[in-house]
């Protein structure tokens, strides 16, 4: 299926590994001009090589509002024009429970998984609206539907991001801009190395980051122009609710 996004300018945050890398690869395979960011130049260069299709990498930390805005500006410069497709994404905050997590840890987690997304959208969405076309597909977590044990910071911050994205979707729906989020469950990514033991990983069916990336790309396609405000969980059936 041709998604109709060849030549579109795409910015994928935290695209040097994991789910961000999967999304960047899928978009590049569809002919989008892709810029990714990461904090480590070596990993970034390796990811750009893996993505191919003339992808570009910029060193940037999207762990804060200022970092999110900086990435969109750098991507626009690298692409010689404003971003058409934005994939907000960031790593997760440290694990912890209510008892083990101090109050002082929450602002940093909110910066990482909420305010960075707000800033990326504030930087990219206005020009999308002016041009009458744009796609925002944020990578969040199924934990916003069904909180996951031992990651209270992520559960909290990503729930706020989901509310922001839904509100934004309603405000820009008439402007040719769609705003959706994709909520992964357990996927085989480096993030899980810090959360699960080898024994725990062995007992879990893991998703493929490249398959996940294809779903992100589909939501960026022309065929998804009437899909907005969606929170799509991609979790292999682990979410046990009815809706």
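From least to most packed, judged by other beta carbons within 10 angstrom and beginning with the fewest, 211, 80, 111, 61 follow the order 80, 211, 61, 111. Relative to the longest principal axis of the Cα atoms of the chain, the long axis of helix 116-131 lies at roughly 20 degrees. Extension gain for residue 150 to residue 59 (0.36 nm times residue separation, less C-alpha to C-alpha distance): 29.7 nm.
Judged by the gyration tensor of its Cα atoms, with axes a ≥ b ≥ c, the chain is rounded; a/c sits under the 1.5 cut.
Seen against the Cα atoms of the chain and their longest principal axis, helix 41-51 is set at about 60 degrees. Helix 209-220 axis versus longest C-alpha principal axis of the chain: approximately 50°, rounded to the nearest ten. Here the contact order of the chain, divided by its residue count and restricted to Cα pairs under 8 Å and six or more residues apart, works out to 22 percent.
Each reported figure results from applying straightforward, stated rules to the coordinates on display, with no laboratory input. As the structure is a computational prediction, the values presented were derived from the model and not from experiment. When we count neighbours, we look across all protein chains shown, and the Cβ atoms used for this are built from the backbone with ideal geometry, even at glycine.
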